[in-house]
């Protein structure tokens with residue numbers, strides 16, 4: 001069923017974005033988010049949109065995937081837009097009874113919506129172009145300096161890796177358990193909320209028992225391969241910053257600078 | 001009335017994606033009531049997919065499945081009712097146990113059937129007896145039991161529904177020789193007592209040779225052969241070439257036949273092998 | 001003459017029960033394994049074979065008696081790391097040994113734990129995967145592999161640590177015949193080409209028959225110890241403790257019981273066919 005689809009929407013391709021160091025991508029994504037929310041006028045926003053469009057173009061991710069990532073957020077956007085449109089004070093454009101839409105409200109709604117859309121699309125681009133294991137490696141190495149503050153960085157990374165490793169396996173197992181219980185007449189489709197919750201027990205208990213058993217066996221197997229925690233461990237693959245990473249950082253830096261510059265030069269081009 | 005009948009049964013996974021795969025390809029099958037059928041095929045031959053059609057867990061991509069002459073996917077068919085008529089024991093069934101006591105777990109099926117408490121009790125105890133579980137075990141937690149005991153509990157859970165058709169997917173997987181013999185012996189005894197239809201899916205030709213009347217050989221999503229056990233084993237060379245293993249005795253006799261000895265074509269059990277050699281030597285066996 | 005890589009002397013072990021008692025599993029077992037040999041430990045479930053194997057890399061320590069692995073006393077907790085560097089272990093469940101999301105990363109896990117430099121790890125990973133025939137699956141995810149392939153990855157993960165000895169605890173119990181064949185071939189290759197000592201715990205006699213030496217365990221004791229031919233000729237003893245012998249061996253044994261003149265020590269189908277052919281040539285005088 002879900003066997004052949006990797007978790008986290010990773011979309012394998014061989015583009016520049018796919019080849020960037022994951023640490024760089026994570027940091028640049030954060031910078032992008034800051035860029036979006038720092039822009040205080042439309043030109044700044046447009047810079048953000050263009051930046052995103054170029055990034056997507058370079059990555060080779062099909063446009064359909066962008067829409068896919070935005071679909072779940074649509075209710076949030078509509079809700080936020082509505083809130084902003086109807087409830088911000090200012091110069092009214094349209095009114096009916098007690099409800100009115102103001103110019104400020106309209107612009108705020110538009111800006112907020114664009115920000116959220118770009119935010120989601122931007123972070124989705126990160127997960128589309130970076131495999132879960134690369135993300136884990138990136139996060140682990142970014143957080144590495146925090147080890148001196150006793151943050152269990154290695155352990156966290158190991159947990160994430162093992163979780164990612166076992167998600168497809170556990171999904172398969174869940175399918176099997178569901179099939180086995182259905183074969184004995186378990187009914188998970190009918191009944192009220194409570195009944196359906198109860199119907200999950202024959203699925204969840206075997207699943208949990210199995211997960212604990214796997215953890216036990218896996219821990220033993222790891223110990224037998226001389227695992228002693230993070231101390232003294234080396235890694236076969238070390239992430240290395242390359243020329244292309246530096247170039248992307250510079251480009252992003254310029255964009256942020258541009259946004260700030262535009263903020264300072266034309267602060268209130270449009271009432272926002 | 002046929003127990004199971006399929007017409008052009010086809011099942012394809014992940015239709016329309018690049019991962020599309022036809023697991024079962026236009027299978028026409030007729031299994032009579034009361035048969036004990038061994039189903040063999042290597043991994044990927046479609047065994048597990050095929051049997052999940054018989055209790056309505058999977059919907060055919062095309063074709064029909066009829067149980068006791070009822071089309072499972074006709075508009076008014078109550079498919080859930082058929083889950084109780086066609087009992088399916090999956091591989092490593094011990095991993096599906098979940099109740100507080102063995103009794104309750106075995107009772108899960110009968111309770112879902114809506115039976116009265118007395119009937120549930122009767123069917124649970126009968127099923128437990130069939131698989132050789134003693135009284136004391138019924139009140140224990142399934143998680144306290146050994147692997148072999150857990151498997152029996154899981155099998156009992158399906159037997160307790162008193163299905164007309166019992167399908168077991170590799171019930172001896174992971175068991176040692178003693179364990180295998182016990183489980184298969186119990187299934188054989190169950191079949192004899194109940195007279196229902198039993199399908200035994202297995203990789204082990206030896207097991208099938210000893211217990212099944214008929215053998216269904218699957219190969220690459222299709223039916224390679226469906227015939228009486230003796231007839232199937234007489235075509236051992238074909239099966240061997242299809243990538244499946246045959247019992248050693250069958251191979252040995254195949255080698256003898258190659259050398260020109262007039263040995264019987266369908267030797268697949270130890271007893272028959274012994275008898276056959278003695279027959280050629282002009283002797284009777286002193287004990288069977 | 002090889003050094004003894006594992007020496008177990010008078011090992012007694014029991015699992016702790018409630019009330020401070022112990023459930024006896026190993027009752028005074030002694031075994032010496034020469035370096036470079038391929039030893040199979042055969043026994044049904046409950047014979048103590050897996051428990052015994054877990055003493056060979058310090059997972060369990062004897063209640064009395066000693067186990068010495070590569071010259072180190074396995075009871076010394078602070079030397080476990082050194083022991084496990086030299087004695088690797090492969091377990092029964094293929095899934096629950098694989099840690100990483102990609103094959104090559106999992107094989108690198110062991111060397112990474114040893115703190116080796118990245119280039120050395122890379123070299124070892126490539127070599128190990130090639131040795132088990134899984135090099136082309138280097139970038140696959142574990143859930144895309146079959147059982148036999150997963151076990152081979154697990155074996156690669158162990159040999160990447162260049163141990164002197166590998167202990168395999170029923171590695172094929174959960175695999176289909178194809179997977180079993182793949183794993184056995186990989187193991188034999190490692191033993192023959194690289195001289196790695198192999199200790200194979202199994203209940204499949206076809207696998208034990210491929211070893212240099214078979215140790216049969218029953219009820220916590222060693223029952224038989226010798227070459228496969230020697231051990232399997234004790235057909236009655238093996239049957240008494242619930243074990244099988246290859247059908248080729250059993251057939252000849254049964255015929256011998258009927259008075260036929262057949263040689264002992266037959267193991268394979270070819271040998272059996274040959275012996276039977278000679279018997280049939282002689283005709284009725286062959287038996288009395």
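The values are calculated or read from the model by the stated rules, or taken from the named source; none is laboratory data. Small disclaimer: the values here were computed from a predicted structure and weren't measured. For neighbour counting, all protein chains shown are included, and Cβ atoms are generated from backbone atoms with ideal geometry for every residue, glycine included.
Conditions (1) modelled with pLDDT under 90; (2) outside any loop (DSSP other than H, G, I, E, B); (3) within 14 Å of chain A (Cβ to nearest Cβ); (4) within 29 Å of residue B:210 (Cα to Cα), marked per residue:
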site	(1), (2), (3), (4)
B:5	no, yes, no, yes
B:11	no, yes, yes, no
B:16	yes, no, yes, no
B:30	no, yes, no, yes
B:39	no, yes, no, yes
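Within region B:158-175, the set of residues being crowded, with 24+ Cβ neighbours inside 10 Å and free of Cβ contacts under 8 Å to residues at least 60 places away in the same chain comprises just one member, B:160. For residues in region C:130-147 being assigned to a helix (DSSP H, G or I) and surrounded by fewer than 24 Cβ atoms within 10 Å (Cβ to Cβ), which is nearest to the other protein chains (Cβ to nearest Cβ)? Among them, the one singled out is C:143.
Among the residues of region B:62-87 satisfying the criterion of being in a loop (DSSP other than H, G, I, E, B) and at positive phi, which is farthest from the chain's Cα centre (by Cα)? Walk me through it before giving the result.
Within region B:62-87, the subset in a loop (DSSP other than H, G, I, E, B) is B:68-69, B:72-78.
Those left that are additionally at positive phi: B:68-69.
Details: B:68: 18, B:69: 21 Å.
Of everything passing the filter in region B:62-87, B:69 is farthest from the chain's Cα centre (by Cα).
Does any residue of region B:88-97 turn out to be touching a strand residue (DSSP E or B) at 6+ places or on another chain (Cβ under 7 Å), under 30 Å from residue C:148 (Cβ atoms) and not in a loop (DSSP other than H, G, I, E, B)? Yes, region B:88-97 contains a residue that is touching a strand residue (DSSP E or B) at 6+ places or on another chain (Cβ under 7 Å), under 30 Å from residue C:148 (Cβ atoms) and not in a loop (DSSP other than H, G, I, E, B). Within region B:65-82, identify whether any single residue is more than 26 Å from residue B:219 (Cβ to Cβ) and facing another protein chain (nearest Cβ under 8 Å), and answer yes or no. Yes: region B:65-82 contains one or more residues that are more than 26 Å from residue B:219 (Cβ to Cβ) and facing another protein chain (nearest Cβ under 8 Å).
Given the criteria within 20 Å of the chain's Cα centre (by Cα) and without any contact (Cβ under 8 Å) to a residue 40 or more places away in the chain, does residue C:257 qualify?
no
Considering only residues in region C:217-230 that are touching a helix residue (DSSP H, G or I) at 6+ places or on another chain (Cβ under 8 Å) and farther than 16 Å from residue C:51 by Cβ, the one that is surrounded by the most Cβ atoms within 10 Å (Cβ to Cβ) turns out to be C:228. Regarding region B:193-204, can at least one residue be identified that is farther than 23 Å from residue C:244 by Cα and within 14 Å of chain C (Cβ to nearest Cβ)? No: zero hits. Filtering region C:220-253 to residues that are part of a loop (DSSP other than H, G, I, E, B) and away from chain B (no Cβ under 13 Å) leaves C:220, C:227, C:233, C:234.
Yes/no per residue for (1) free of Cβ contacts under 8 Å to residues at least 24 places away in the same chain; (2) out of contact with any strand residue (DSSP E or B) (no Cβ under 9 Å at 6 or more places or on another chain):
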{"position": "C:67", "(1), (2)": "no, no"}
{"position": "C:72", "(1), (2)": "yes, yes"}
{"position": "C:82", "(1), (2)": "yes, no"}
{"position": "C:85", "(1), (2)": "no, yes"}
{"position": "C:93", "(1), (2)": "no, yes"}
{"position": "C:102", "(1), (2)": "no, yes"}
{"position": "C:105", "(1), (2)": "yes, yes"}
{"position": "C:109", "(1), (2)": "no, yes"}
{"position": "C:114", "(1), (2)": "no, yes"}
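Read through the list (1) crowded, with 17+ Cβ neighbours inside 10 Å; (2) more than 30 Å from residue C:124 (Cα to Cα); (3) under 29 Å from the mean Cα position of the chain (by Cα), then give the number of the only condition that residue A:206 fails. With (1) crowded, with 17+ Cβ neighbours inside 10 Å; (2) more than 30 Å from residue C:124 (Cα to Cα); (3) under 29 Å from the mean Cα position of the chain (by Cα) applied to residue A:206, the lone miss is (3).
Every test in (1) closer than 30 Å to residue B:125 by Cα; (2) without any contact (Cβ under 8 Å) to a residue 60 or more places away in the chain; (3) surrounded by fewer than 15 Cβ atoms within 10 Å (Cβ to Cβ) is passed by residue B:33 save one, and that test is (2). Is there a residue in region A:93-106 that is out of contact with any strand residue (DSSP E or B) (no Cβ under 7 Å at 6 or more places or on another chain), touching a residue at least 60 places away in the same chain (Cβ under 8 Å), in a helix (DSSP H, G or I) and under 30 Å from residue A:246 (Cα atoms)? No, because not a single residue in region A:93-106 is out of contact with any strand residue (DSSP E or B) (no Cβ under 7 Å at 6 or more places or on another chain), touching a residue at least 60 places away in the same chain (Cβ under 8 Å), in a helix (DSSP H, G or I) and under 30 Å from residue A:246 (Cα atoms).
Considering (1) under 29 Å from residue C:24 (Cβ atoms); (2) modelled with pLDDT of 95 or more, the lone condition that residue C:74 does not fulfil carries the number (2). Of note, residue B:245 does not satisfy the criterion of being in a helix (DSSP H, G or I), buried (at least 18 other Cβ atoms within 10 Å of the Cβ) and within 13 Å of chain C (Cβ to nearest Cβ). Here region B:122-155 is the region considered, the condition is being free of Cβ contacts under 8 Å to residues at least 12 places away in the same chain and over 21 Å from residue B:168 (Cα atoms), and the residue that is surrounded by the most Cβ atoms within 10 Å (Cβ to Cβ) is B:122.
One residue stands out among those in region C:161-189 that are out of contact with any helix residue (DSSP H, G or I) (no Cβ under 8 Å at 6 or more places or on another chain) and within 14 Å of chain B (Cβ to nearest Cβ): the one that is modelled with the lowest pLDDT, which is C:177. Looking across region A:225-252, the residues that are away from chain C (no Cβ under 12 Å) and free of Cβ contacts under 8 Å to residues at least 12 places away in the same chain come down to A:243, A:246, A:247, A:250, A:251.
If we only count strands (runs of 3 or more DSSP E) wholly inside region C:21-116, which ones have 3 or more residues that are away from chain A (no Cβ under 14 Å) and out of contact with any helix residue (DSSP H, G or I) (no Cβ under 9 Å at 6 or more places or on another chain)?
C:22-34, C:64-69
Can you tell me how many residues within region B:250-262 are within 9 Å of chain C (Cβ to nearest Cβ), touching a residue at least 12 places away in the same chain (Cβ under 8 Å) and under 16 Å from residue C:279 (Cβ atoms)? Of the residues in region B:250-262, 3 are within 9 Å of chain C (Cβ to nearest Cβ), touching a residue at least 12 places away in the same chain (Cβ under 8 Å) and under 16 Å from residue C:279 (Cβ atoms).
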